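Below is one structure, written out as structure tokens; the observations come after it.
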Amino acid sequence: MEDTIAGVSTAVGNAGLAVIRMSGEKSFEIADKVFRGKVSVLEQKSHTLQYGRIVTDDKETIDEVLLTKMAAPKTYTRENVVEINCHGGYYVTGRILRLLFENGARPAEPGEFTKRAFINGRIDLSQAEAVMDVIQAKTGKSSRAALNQLEGKLSFELNDIITGLTNTLAHIEVDLDYPEYDHEEFSIKKVEDEARRAMAKLKNLINSFHYGKILREGMDVVIVGRPNTGKSSLLNYLTRKNRAIVTDIPGTTRDVIEETVNIGGIPIKLTDTAGVRETRDPVESIGVTRSLEALKKADYIILMLDATDWQNPEDKRLLELVESQGTDYMPVFNKMDIVKDPERIDELKRLNPDGVLISITEDTGLDVLEKRLIDFAHGNKMDLDNQVLVTNARHERQLRLAYDTLDAALAAAGSGMTLDIVALELRTALDHLGRITGQTAEEEIVNAIFSRFCIGK
Ligand SMILES: Nc1nc2c(ncn2[C@@H]2O[C@H](COP(=O)(O)OP(=O)(O)OP(=O)(O)O)[C@@H](O)[C@H]2O)c(=O)[nH]1
Ligand SMILES: [Mg+2]
């Protein structure tokens, strides 16, 4: 924390520009040694930018740059920060960086700038984690969820719960210290009210994780079915690309094909698989094995059926297989354009009330199919876009632990346990919540989180 650190914040490789960032006590001093501009860096006003050159000790110019000076505490790290906009590319950025190191900076570790922002109290741990999520967001909605967390919406919710519980705990502690004012019954009531209030809020956050996780990590959707039912055609339709080979020969797809699509703002990892059937062809047979493996990792399954032949016994077996996975799925009946007889259509609908009827060739029913995917992602909640979402599995785990601990506190209070036992449970619940914001997070956890960052962030 005492050192001044420097790193390249932009992506490595040929580019128009690159940004080199430096943070720490000696940032201005070090920058001043290598920068020649109209005024010295030490005299430059804070939060301004100036044009100049980076020069070596031997007066060799390395690059023309723009230098931004930002004095603590109104900076990303809350320390003195210098940013140098130079030309992109390996050579120039490498030379400038080395020059900074020679003059007293040291290489920044992955995520170290953000870690300093956390340690210096500008953001909490959940906000720091959101920084990476913003960088890695796959769709507009994913990015919105990450930005909300970065702006502190989750922290705000958590702090509200934390404050309520802390006040209750303080109340109990007064009671324990001054037993002569015997308010125990009143305290138990207060604990119960507060625990219930906190649990309701926690439940809401925990429930948002199904959707939050999908926005952050994407949703794995696997298309399975017999050969020739139109699985690859569906992948091509949804990706709007001719990604997979489509022919009328059953057994066309031999390998697992994955593509990412954005459906209604939800990042979906779509997997097309080889048609499942008994086969003697060794290559196809490996494909079938891979299809069955792909099923296991699915968050959601699209079971493709041929509407002209949907009572095929092989489909029954496939359906059983899909149901045995315990994963949510939708049966999709394709090639409805060929089915003309209204009676047969009625029967199909009657016997398969959950089925989605489509024709890829004629583009019918596919809007219903997409809507089903979106509905699954939302879970049973509709308006999630304005809610604070939990997107991170680490957070969800701690929220559940806090919830369970409060449940135990309620049980203890209800069964006439003494106040000190109840206080213990409340403290444990607070510890769990503090691990999300970072107040009580162990150093190893904090280090592990920042080690996943990129250098220069
Ligand atoms: N009539 C009609 N034909 C379709 C429709 N969708 C796909 N097909 C045709 O069905 C045939 C098989 O399509 P594919 O997408 O290759 O089927 P698949 O399920 O990937 O087949 P495999 O890879 O062999 O398992 C092709 O000739 C498609 O043109 C549809 O909605 N209506
Ligand atoms: Mg195929």
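Computed from the coordinates by the stated procedures, all read-outs in this text should not be read as laboratory data. Keep in mind that what you see is a predicted model, and the values were worked out from it rather than measured. Here the Cβ positions follow ideal geometry from the backbone for every residue, glycine too, while neighbour counts run over all protein chains shown.
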**OP:** Tally the DSSP beta bridges in the chain and give the antiparallel ones as a percent, rounded to 5.
**Re:** 60 percent
Subject >> the stretch 13-160, dipole about Cα centre (Lys/Arg Cβ +1, Asp/Glu Cβ -1), debye to the nearest 20 >> reply: 280 debye
Subject >> residue 364/residue 147 FRET efficiency (R0 35 Å; Cβ-Cβ; nearest 0.05) >> reply: 0.40
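From the square roots a ≥ b ≥ c of the eigenvalues of the alpha-carbon gyration tensor of the chain, which class results: rounded (a/c under 1.5), prolate (a/b over b/c), or oblate?
On the way: a/c = 3.06, a/b = 1.28, b/c = 2.39.
Taking the square roots of the gyration eigenvalues as a ≥ b ≥ c, the chain is oblate.
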**OP:** Note down the nm distance, to one decimal, between modelled labels 7 Å out along Cα→Cβ at residue 240 and at residue 311.
**Re:** 4.1 nm
**OP:** Indicate the gyration tensor shape class of the stretch 5-108 (rounded, prolate or oblate), computed on the Cα atoms with a ≥ b ≥ c the square roots of the eigenvalues: a/c under 1.5 is rounded; otherwise a/b larger than b/c is prolate and the rest oblate.
**Re:** rounded
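On full extension of the chain, what length is gained from residue 442 through residue 324, given 0.36 nm per residue of separation minus the C-alpha to C-alpha distance? Spell out each step's value before the answer.
Details: separation 118, 0.36 × 118 = 42.48 nm, distance 4.04 nm.
38.4 nm is the gain from fully extending residue 442 to residue 324.
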Subject >> Positive dipole terminus of the stretch 136-275, leading residue within 195, 242, 155 (C-beta point charges) >> reply: 242
**OP:** Can you find, among 27, 143, 86, the residue farthest towards the positive end of the dipole of the chain? Put +1 on the C-beta of Lys and Arg, -1 on that of Asp and Glu.
**Re:** 86
Original post:
Label residue 134 and residue 60 with points 7 Å out from Cα along Cα→Cβ: what is the distance between them in nm?
Top reply: 3.8 nm
Original post:
Residue by residue through the stretch 102-108, which ³J(HN,Hα) values in whole Hz follow from phi under the Karplus form 6.51 cos²θ - 1.76 cosθ + 1.60 (θ = phi - 60°), with glycine and proline marked x?
Top reply: 4, 9, x, 8, 10, x, 6
Subject >> For residue 225, distant residues with modelled amide H under 5 Å away >> reply: 276, 304
Subject >> With Cα atoms, 0 to 90° folded angle of helix 184-207 axis to the chain main axis >> reply: 60 degrees
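For residue 12 and residue 204, what does the FRET efficiency come to when R0 = 41 Å and r is the distance between their Cβ atoms, rounded to the nearest 0.05? Please list the in-between numbers first.
Details: r = 42 Å, r/R0 = 1.02.
For R0 = 41 Å, the calculated efficiency reads 0.50.
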Original post:
Using alpha carbon centroids, what distance separates the stretch 185-211 and the stretch 11-33, in Å?
Top reply: 47 Å
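If each DSSP helix of 4+ residues adds -39,500 (n - 2.57) and the sum is divided by the residues in the chain, what number results at 222 nm, nearest 500 deg cm²/dmol? Show your work: numbers first, answer last.
Working: 16 runs with 220 residues, N = 457.
Result for the chain, helices only: -15500 deg cm²/dmol.
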**OP:** Could you work out the relative contact order of the stretch 215-378, using alpha carbon pairs under 8 angstrom and six or more residues apart, expressed as a whole percent?
**Re:** 23 percent
Subject >> Cα gyration tensor shape of the stretch 407-453, rounded if a/c is under 1.5, else prolate or oblate by comparing a/b with b/c >> reply: prolate
**OP:** Find out how many positive minus negative residues lie around residue 60, taking Lys and Arg as positive, Asp and Glu as negative, among other residues whose Cβ is under 15 Å from that of residue 60.
**Re:** +1
**OP:** Pop the C-beta distance of residue 90 and residue 451 into the FRET formula with R0 = 25 Å and round what comes out to the nearest 0.05.
**Re:** 0.55
Original post:
If one computes the Cα centroid of the stretch 331-368 and of the stretch 251-329, what distance in Å separates the two points?
Top reply: 19 Å
Original post:
With each pseudo-label sitting 7 Å past Cα toward Cβ, what's the residue 248-residue 386 distance in nm, one decimal?
Top reply: 5.3 nm
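Beta carbons within 10 angstrom, averaged per residue: use that to sort the peptides 99-108, 143-152, 217-226, highest first. Kindly include the intermediate steps, with their values, before the conclusion.
Numbers: 99-108: 18.2, 143-152: 19.9, 217-226: 22.8.
Highest to lowest by the protection proxy: 217-226, 143-152, 99-108.
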Subject >> Charge dipole (debye, nearest 20) of the chain; +1 at Cβ of Lys and Arg, -1 at Cβ of Asp and Glu >> reply: 1680 debye
